[in-house]
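Undergrad: Got a structure for you, written out below as structure tokens; questions coming shortly.
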Amino acid sequence: MRNITISGQIAAVCPEFHITAIACEVKNSPYNAGLWEEIDTFYSQFASTYKMEDINRRPVIYATRQVYKKLGKDPNRYRPSSEALCRRILKGQELYQIDTLVDLINLVSLKTGYSIGGFDDAKIQGDLVLGVGEAGEKFEGIGRGFLNIESLPVYRDEIGGIGTPTSDEERTKITSGTTRLLMIINGYSGKEGLQEAANYSVELLKKYAEARHIETKLLSVSCSITF
């Protein structure tokens, strides 16, 4: 059993904050052709529909950036992951191909605008609390080396930070050996849209990662959830 709670630091700057957490057993794979057909279709549609200045106007991305500013972090220097992915498309850059679970989470993030934490649940130690990063706090971003998470929202377990809207941590990252996934969809814009994002995520997880024993729970700043 694992509790997820939201600290008063986050509640103070974003009282409307909600998350949807999805926990399930999965089967990861290096590559899934069907998933990448969906990703390529979305890439083409997004590239033909959006302009660079439109990205930060997406309500979910805008709300995440506003929380960064309230906490004292520059969202142009430390971009939320969903924003960074959208910008790659409009720059004409290829999207990263990592593995099926990571690629799937990136597609959900692109479509919805949410920054999503994707973790190997077996590597998380104890309960999770969403707080704010401190000066000098150790955090090794996936593929990024040491990341300055001071003033960023950060999920911590008993050992330390595991995820921010900008990057997740190497220690709990998804790998080819991941069999139990914890996926956290962060709604700094509030509750609206989270259920649809969760439904879409579960649909993809069943379709491409053989997900089973799926638990989906909604959390606001005024309560905690247990898996």
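The values are calculated or read from the model by the stated rules, or taken from the named source; none is laboratory data. Source: prediction; values computed, not measured. All Cβ positions, glycine included, derive from the backbone under ideal geometry; neighbour counts span all protein chains shown.
Undergrad: In region 20-69, what residues are part of a loop (DSSP other than H, G, I, E, B), free of Cβ contacts under 8 Å to residues at least 40 places away in the same chain and surrounded by 15 or more Cβ atoms within 10 Å (Cβ to Cβ)?
TA: N56, the sole residue that qualifies.
Undergrad: Counting just the residues of region 81-124 that are in a loop (DSSP other than H, G, I, E, B) and touching a strand residue (DSSP E or B) at 6+ places or on another chain (Cβ under 9 Å), which one comes out farthest from S151 (Cα to Cα)?
TA: In this case the residue turns out to be I124.
Undergrad: Just the residues that are surrounded by 12 or more Cβ atoms within 10 Å (Cβ to Cβ), in a loop (DSSP other than H, G, I, E, B) and of a type outside the set (F, W, Y), please, taken from region 70-80.
TA: Residues satisfying the conditions are K73, P75, R79, P80.
Undergrad: Right, something else. Which members of region 167-204 meet the condition of being more than 15 Å from the chain's Cα centre (by Cα) and basic (K, R)?
TA: Passing the criteria: R171, R180, K191.
Undergrad: Could I ask something else about it? Return the only residue of I149, I159 being over 13 Å from the mean Cα position of the chain (by Cα), in a loop (DSSP other than H, G, I, E, B) and free of Cβ contacts under 8 Å to residues at least 24 places away in the same chain.
TA: I149
Undergrad: Still on this model: Quick one: would you say E215 is surrounded by fewer than 23 Cβ atoms within 10 Å (Cβ to Cβ), in contact (Cβ under 8 Å) with a residue 12 or more places away in the chain, out of contact with any Phe, Trp or Tyr (no Cβ under 9 Å at 6 or more places or on another chain) and not in a helix (DSSP H, G or I)?
TA: Answer is no for this residue.
Undergrad: Can you find, within region 85-110, the residue that is surrounded by the fewest Cβ atoms within 10 Å (Cβ to Cβ) among those that are among the aliphatic types (A, V, I, L, M) and closer than 20 Å to S48 by Cβ?
TA: L90
Undergrad: Next question, about the same structure. For T166, indicate whether it is surrounded by fewer than 20 Cβ atoms within 10 Å (Cβ to Cβ), in contact with a strand residue (DSSP E or B) (Cβ under 8 Å, 6 or more places away or on another chain) and among the hydroxyl-bearing types (S, T, Y).
TA: Here the answer is no, as T166 does not meet what is asked.
Conditions tested, residue by residue: (1) within 18 Å of I185 (Cα to Cα); (2) within 17 Å of the chain's Cα centre (by Cα); (3) of a type in the set (G, A, S).
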site	(1), (2), (3)
A11	yes, no, yes
V26	yes, no, no
G34	no, no, yes
Q45	no, no, no
M52	no, no, no
L71	no, no, no
G92	no, no, yes
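Undergrad: Could you tell me which residue of region 174-198 is nearest to E215 (Cα to Cα), considering only residues that are assigned to a loop (DSSP other than H, G, I, E, B) and out of contact with any helix residue (DSSP H, G or I) (no Cβ under 8 Å at 6 or more places or on another chain)?
TA: Among those that are assigned to a loop (DSSP other than H, G, I, E, B) and out of contact with any helix residue (DSSP H, G or I) (no Cβ under 8 Å at 6 or more places or on another chain), it is K191.
Yes/no matrix, rows are residues, columns are (1) over 15 Å from I6 (Cβ atoms); (2) surrounded by fewer than 20 Cβ atoms within 10 Å (Cβ to Cβ); (3) at pLDDT 95 or above; (4) of a type outside the set (K, R):
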{"residue": "E137", "(1), (2), (3), (4)": "yes, yes, yes, yes"}
{"residue": "Y155", "(1), (2), (3), (4)": "no, no, yes, yes"}
{"residue": "I159", "(1), (2), (3), (4)": "yes, yes, yes, yes"}
{"residue": "S176", "(1), (2), (3), (4)": "yes, yes, yes, yes"}
{"residue": "Y188", "(1), (2), (3), (4)": "no, no, yes, yes"}
{"residue": "G193", "(1), (2), (3), (4)": "yes, yes, yes, yes"}
{"residue": "E196", "(1), (2), (3), (4)": "yes, yes, yes, yes"}
{"residue": "S222", "(1), (2), (3), (4)": "no, yes, no, yes"}
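Undergrad: Among the candidates R65, R77, single out the residue that is touching a Pro at 6+ places or on another chain (Cβ under 7 Å) and of a type in the set (K, R).
TA: R65
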